[in-house]
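Take a look at the structure set out below.
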Amino acid sequence: MSSNIAQNYPYSSEPEAERASRVEAITAAHKGLAAKIQAESLELEHDDRWWVWKCPTKDCLGLLHAAGLAREVRAVYTVCDTCGTTYLR
């Protein structure tokens with residue numbers, strides 16, 4: 001696959017409040033990440049639960065949490081809670 005949009009299955013799900021607090025903690029831990037997310041994504045629509053995926057970064061054991069909706073394509077914009085890398089799902 002030539003793009004960054006993955007075609008894999010979710011690992012788990014999390015409630016909205018947990019998702020929001022994790023994304024806030026991730027952006028606080030990685031300098032410039034909040035600005036990157038804001039520039040590359042739109043706000044999420046309201047949902048009670050969001051999917052969580054395993055981070056595909058080599059040797060990273062983190063999970064990807066929904067941080068927004070991608071601006072350029074129809075995908076969920078995610079961020080890893082360990083390495084801070086962003087992916088589209």
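If I filter the range 7-17 for residues that are within 14 Å of the chain's Cα centre (by Cα), aliphatic (A, V, I, L, M) and at pLDDT 95 or above, do I get at least one hit? Scanning the range 7-17 turns up no residue that is within 14 Å of the chain's Cα centre (by Cα), aliphatic (A, V, I, L, M) and at pLDDT 95 or above.
Checking Gly62, Gly68, Gly32 one by one, the residue that is closer than 18 Å to Gly84 by Cβ and over 13 Å from the mean Cα position of the chain (by Cα) is Gly32 and no other.
The values are calculated or read from the model by the stated rules, or taken from the named source; none is laboratory data. The structure displayed is predicted, hence computed values, not measured ones. Here the Cβ is made from the backbone with ideal geometry for all residues, glycine too, and neighbour counts use every protein chain on show.
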